[in-house]
1. Where in region 150-231 are there GluC sites (Glu not before Pro) that are in a DSSP coil and have at most 13 other Cβ atoms within 10 angstrom of their Cβ?
2. Taking the Cβ of Gly154 as the center, what net charge do the other residues with Cβ under 15 Å away carry, scoring Lys and Arg +1 and Asp and Glu -1?
3. Using a cut-off of 15 Å between alpha-carbon atoms, which aspartates and glutamates can reach Lys150, once sequence neighbours fewer than 8 places away in the same chain are excluded?
4. When the Karplus curve 6.51 cos²θ - 1.76 cosθ + 1.60 is applied with θ = phi - 60°, which whole-Hz ³J(HN,Hα) does each residue of region 161-175 get, with x for Gly and Pro?
5. Can you work out the Karplus-derived ³J(HN,Hα) for every residue in region 296-301? Use 6.51 cos²θ - 1.76 cosθ + 1.60 with θ = phi - 60°, whole Hz, and x for glycine or proline.
6. Give me the net charge for the shell around Leu91: Cβ to Cβ below 11 angstrom, other residues only, Lys and Arg +1, Asp and Glu -1.
7. Taking the Cα centre of region 91-241 as origin, work out the dipole magnitude from +1 charges on Lys and Arg Cβ and -1 charges on Asp and Glu Cβ, in debye rounded to 20.
8. What is the fewest-to-most order of Arg166, Arg55, Arg236, Arg103 by other Cβ atoms lying within 10 Å of their Cβ?
Amino acid sequence: MKLARLRALVGPWMRAKPSEDTPAAASGAPEPSAMAPAAPRRGARAPLPPWSPERIALLDRLCGESHPLPGGREEVLRLVRPLRLKDAHTLLLLGAGTGDAARVITQTTGCWVSGFEQEPALVSVAVRRSAEAGLAKKAAIEPWQPSAPKFRAGFFDHALALCALRGAPAEPMLAALADAIKLSGQLVMVDLVADQALPTEDHDVAAWLRLEVQGGALPREADITRTLTQLGFDVRVSEDISAPYQTHALAAWREAVAPLALTPPDPTQAAVLVAEAERWLLRIRLLRTGRLRLIRWHAML
């Protein structure tokens, strides 16, 4: 995927610099040329929260039911296909986001999904949406803490983890998943890895880490595979899915911004659009250069 194509999609808003007295300027969205936010001005409006309704609405358009990954319903169902889920199964979904993936899975397969999400704002949205869909119990969403992961021991038939690490140590999370899955259960996991230490002096790396990684360092693919093996998993698949991710991302942005040609965003929406585009551009640039890779694991106990 050419980064220039994604830049062209969001170019009109990335080139427009909102005035300092607009909500866009006060939203905390970094300017494209320098990812560091400006110092707050006296009397400026409060910045938008990291998970504002405007950002969640944008990610709904970009990811649909597959949040936090682009690709929509088809991508979610592709990831869980090896699990052969049935209505009697229980699935632990880690990195549930707004809960749309949990609802798609249970509506399609009939299985019971227990989703876990670490962002409180996303948990609130997910709980409300599951209740509105009549799936408060069958697609339940709860908070979890990467620093102290703990799930119901030996309860789940299978597990799906979607970019749940976000810089947290991998071993505690993987151990908690191994403890939660029944014997003969399966795990599908998707996450970012960096096989070489990321050079923090690099502008793109430093900016991406500040925006998306909550702490610590990204794991290496080999370290995840080795830890899974040590925990008793038989790792059947370790697949680099960086290329299809980039294809899905471009398609998602094209679809998301197309309506804006007829109905331009207001200043707040434009600021959120620019900030999110910067996150995705940085992530894709690092994937394209190989500094980051997106890996899918399929393992069995």
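1. Loop-located and lightly packed - Glu201.
2. Details: positive: Lys150, Arg152, Lys182; negative: Asp157, Asp179.
It works out to a net charge of +1.
3. Partners found: Glu117, Glu142, Glu171, Asp179.
4. Those phi angles translate into 10, 10, 6, 8, 6, 6, x, 6, x, 7, 4, x, 5, 5, 5 Hz.
5. 10, 10, 10, 9, 10, 8
6. Working: positive: Lys86, Lys138; negative: Asp157.
In short, +1.
7. Working: 13 positive and 19 negative charges, 169 e Å.
Roughly 820 debye for region 91-241.
8. Listing Arg166, Arg55, Arg236, Arg103 from fewest to most nearby Cβ atoms yields Arg236, Arg166, Arg55, Arg103.
Coordinate-derived values only; no laboratory data. Here the structure is a predicted model, which means the values were calculated and not measured. Every residue, glycine as well, gets a Cβ built from its backbone with ideal geometry; the counts of neighbours run over all protein chains shown.
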